[in-house]
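Quick notes on the structure that follows.
The values are calculated or read from the model by the stated rules, or taken from the named source; none is laboratory data. In this text the structure is predicted, and so the values were computed from the model without any measurement. Reconstructed Cβ throughout: ideal geometry from the backbone, glycine too, with neighbour counts over all protein chains shown.
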Ligand code: AMP
């Protein structure tokens, strides 16, 4: 595996495979790899001729400067893990390579980014995500890019920006990888103290409670939401939000019908965690 630091170096490496018609896959990451990241890399390795993993802790998407400083980083371990999977190129540019002096352009996806994470982290978060993802697509020129369902709103935003800007890349969204107790893997989990690590399993239990209620016939999103909320509060967790929204537009729903997304964000100890669960409810009354 080659570690590449510059856009020019990356383009030089990808020229020949692109001309040969090889399928190029991109896995964008901020590093500190866990099984969630590795699952995306394995999927890309399976699907593509050339696999590029980007490793860039994007300052533009951090709304909190202390969160950026504290963000876990372990580039040497990351390089070893990516190499073991058979990644071809680890693209790890410096901040100045991505944002040179005078950088002045922002990609902003309206509407979809006003709610949930956008509402709680502020507009700058998804502007930072949309801008860096657009840049990575232009730098790499992948045929396909892999994202995790773990960041459900990010996946919806990326699909929209690709459609709106006619970027010729297929977006694959891969399932959330979880710990044995259901906690979604996240680079931020290392910040959890042992007691908080135990309590953090309540996030997945809350989403499962909402899902079970829907499976049992609940069609009122407020009632399903209450079930989730009860799981969190019983563990002393005060969420920033718990919502059931439409899976495609992330819009509020009046009645549970078809695919809905249960989403939540909650601080556990000092660590802000997010999770979601796609729930399939039968259309209509659910009657045969
Ligand atoms: P990050 O490094 O946190 O920006 O994540 C890089 C990619 O990995 C994003 O597309 C995430 O959605 C995805 N990802 C993060 N955690 C998980 C997980 N537990 N399961 C699957 N994908 C994940």
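What the table below lists for this structure:
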item	result
Residues of region 34-57 that turn out to be crowded, with 19+ Cβ neighbours inside 10 Å and near the ligand (Cβ under 8 Å from one of its atoms), as a count	4
Filter result (closer than 12 Å to residue 267 by Cα and either part of a helix (DSSP H, G or I) or away from the ligand (no atom under 14 Å from the Cβ) (or both)) within region 180-201	188, 189, 191, 192, 196, 197, 199
Cβ pairs under 8 Å, 6+ apart, first in region 128-155 and under 22 Å from residue 65 (Cα atoms), second near the ligand (Cβ under 10 Å from one of its atoms) and part of a loop (DSSP other than H, G, I, E, B)	128/58; 129/58; 132/56; 132/58
Residue in region 151-173 that is within 25 Å of residue 239 (Cα to Cα), outside any helix (DSSP H, G or I), at pLDDT 95 or above and within 13 Å of the ligand (Cβ to nearest atom) present	no
Boolean, residue 86 is away from the ligand (no atom under 15 Å from the Cβ), over 19 Å from residue 26 (Cβ atoms) and either in contact (Cβ under 8 Å) with a residue 12 or more places away in the chain or crowded, with 18+ Cβ neighbours inside 10 Å (or both)	no
Residue 243 vs. criteria within 21 Å of the chain's Cα centre (by Cα) and modelled with pLDDT under 95	no
Some residue of region 79-94 being touching a strand residue (DSSP E or B) at 6+ places or on another chain (Cβ under 9 Å) and either at pLDDT below 95 or within 24 Å of residue 183 (Cβ to Cβ) (or both)	yes
Selection from region 133-150 of residues that are within 10 Å of the ligand (Cβ to nearest atom) and not in a strand (DSSP E or B)	133, 149, 150
Leading residue by the ranking (nearest to the chain's Cα centre (by Cα)) among those in region 95-118 that are within 24 Å of residue 151 (Cα to Cα) and in contact (Cβ under 8 Å) with a residue 60 or more places away in the chain	117
Flag for residue 81 being touching a residue at least 12 places away in the same chain (Cβ under 8 Å), under 23 Å from residue 14 (Cβ atoms) and either touching a helix residue (DSSP H, G or I) at 6+ places or on another chain (Cβ under 7 Å) or assigned to a loop (DSSP other than H, G, I, E, B) (or both)	yes
Single residue of 266, 223 found to be modelled with pLDDT of 95 or more and outside any helix (DSSP H, G or I)	266
Residues located in region 13-32, provided they are in contact (Cβ under 8 Å) with a residue 40 or more places away in the chain and more than 8 Å from the ligand (Cβ to nearest atom)	13, 14, 18, 23, 24, 25, 26
Inter-residue pairs, beta-carbon under 6 Å, first on the phi > 0 side of the Ramachandran plot and in region 179-202, second buried (at least 17 other Cβ atoms within 10 Å of the Cβ) and at pLDDT 95 or above, 6+ apart	182/201; 182/204
Single condition residue 60 does not satisfy, out of (1) more than 14 Å from the ligand (Cβ to nearest atom); (2) on the phi < 0 side of the Ramachandran plot; (3) more than 14 Å from the chain's Cα centre (by Cα)	(1)
Sole residue being under 24 Å from the mean Cα position of the chain (by Cα) and under 14 Å from residue 86 (Cβ atoms), chosen from 31, 36, 25	25
Given (1) in contact with a helix residue (DSSP H, G or I) (Cβ under 7 Å, 6 or more places away or on another chain); (2) assigned to a strand (DSSP E or B); (3) over 29 Å from residue 196 (Cβ atoms), index of the condition residue 256 fails	(2)
